[in-house]
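A.B. asks: What follows is a structure written as structure tokens; I'll ask about it next.
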Amino acid sequence: MQYEFITCESAYQSHIALVRLNRPKELNALNLQLMQELKHALQTLDNNEDVRCIIITGNEKAFAAGADIKQMESRTAIDMLIIDQFETWDQIRKTKKPVIAAVSGFCLGGGCELAMTCDMIIASESAKFGQPEIKIGIMPGAGGTQRLTRAVGKALAMEMVLTGKFISAEEAWQAGLVNRVVPEEVYLEEAVKLANEVAQQSPVAIRLAKESVLKAFDSGLQEGLYFERKNFYMCFASEDQKEGMNAFVEKRKPNFKGK
Ligand code: CAA
């Protein structure tokens, strides 16, 4: 598939893939085609054995300023139902490999929802997070009311969703929305560093661990604990577990193969 609104580079030696949202004039507003391209790229990378961690980024000015308002402006409720644009977004959640959002500048509406659907967020000092849909007469529709509330708690989520106010990278860090805040010049480098750390681990254990952490969002504690335990035991079916523990005993670096 030829991409028009994203670019995709893979550094297989380090097992990392970088997907860049690329509609800079529109502040990376997420139109239907861009989201189809992103879905395709994520599916392809998820199926590529050489890739162990995926980074999604934008540019310094914008990660993404939301779903494309111009594309949605004249739609009716029935158009929205039939197009069901958020169905495409489900792929981000379904991606089995870890996905890191490297965020700088505007990260708003659907952009913030996209970042929150990723597994970790590295923010540049210039990042601004918000769910400003209320200002255009709508509300978040791609997980914002649920994921933001779980990430930052009811008080701040309610204020952001009901007033549309933006929060700074520093506030986002204090509220637990992002992993860390770094100077704009190095936010992508920092995301690559984090991706490298993840990519060095056993891909089998990483997959099971990611799945287990995500389970915490859609199950009660007891169900989540059983799920985690099953995945923990499952790790022992992998060669990587033998290799990892053997390397520890032999005081050497493990060589994980994802088997
Ligand atoms: N959709 C479509 N176009 C957008 C856009 C969006 N979400 N955000 C920015 N753009 C376009 C602008 O229309 C403008 O295009 P033109 O040059 O053709 O006029 C261009 O990007 C640059 O934007 P601005 O001139 O507005 O830049 P600014 O620096 O003055 O302001 C901003 C930046 C505060 C982010 C402002 O652009 C803005 O408020 N954007 C909309 C943010 C928003 O409401 N997002 C939520 C969208 S709805 C949604 O996401 C629903 C959901 O749950 C998925």
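The values are calculated or read from the model by the stated rules, or taken from the named source; none is laboratory data. Every value quoted in this text rests on a predicted model; they were computed, and no experiment measured them. Cβ: placed from backbone, ideal geometry, glycine included. Neighbour counts: every protein chain shown. Ligands, DNA and RNA are excluded from the accessible area calculation, which covers all protein heavy atoms including side chains. Shrake-Rupley method; radii C 1.70, N 1.55, O 1.52, S 1.80 Å.
A.B. asks: Please list, or write none, the aspartates and glutamates whose alpha carbon is within less than 12 Å of the alpha carbon of residue 215, excluding same-chain residues fewer than 8 places away.
C.D. replies: Counting by Cα, and skipping residues close in sequence, residue 215 has these aspartates and glutamates nearby: 223, 228.
A.B. asks: Could you sort the peptides 241-251, 194-204 by per-residue average Cβ neighbour count (10 Å cutoff), highest mean leading?
C.D. replies: Final packing ranking: 194-204, 241-251.
A.B. asks: For segment 109-183, take the convex hull of the Cα atoms, compute a quarter of its surface area, and give me that in nm², please.
C.D. replies: 4.2
A.B. asks: Would you calculate, for the chain, the mean residue ellipticity at 222 nm contributed by helices, counting each DSSP H stretch of 4 or more residues as -39,500 (n - 2.57) and dividing by all residues, to the nearest 500?
C.D. replies: My calculation for the chain gives -14000 deg cm²/dmol from helical runs alone.
A.B. asks: Shifting gears a bit: Return one whole number: the accessible area per residue of segment 74-207 in Å², for a 1.4 Å probe.
C.D. replies: The answer is 46 Å² per residue.
A.B. asks: For helix 239-249, report the angle its Cα long axis makes with the longest principal axis of the Cα atoms of the chain; keep it between 0 and 90° and round to the nearest 10°.
C.D. replies: 60
A.B. asks: Using a 1.4 Å probe over the heavy atoms of the protein chains, calculate the carbon and sulfur portion of the accessible area of the chain as a whole percent.
C.D. replies: Whole-percent figure for carbon plus sulfur exposure: 56.
A.B. asks: Using the C-alpha atoms of the chain, what convex hull volume per residue, in cubic angstrom, is computed?
C.D. replies: That works out to 142 Å³ per residue.
A.B. asks: Let me know the number of lysine pairs in segment 6-199 closer than 21 Å at the Cα, not counting same-chain pairs under 8 apart.
C.D. replies: 17
A.B. asks: Explain nothing, just the number: relative contact order of the chain, from Cα pairs under 8 Å at least 6 residues apart, as a whole percent.
C.D. replies: Once divided by the residue count of the chain, the mean separation gives 16 percent.
A.B. asks: Also: Can you list the aspartates and glutamates whose alpha carbon is less than 13 Å from that of residue 230, not counting same-chain residues fewer than 8 positions off?
C.D. replies: 211
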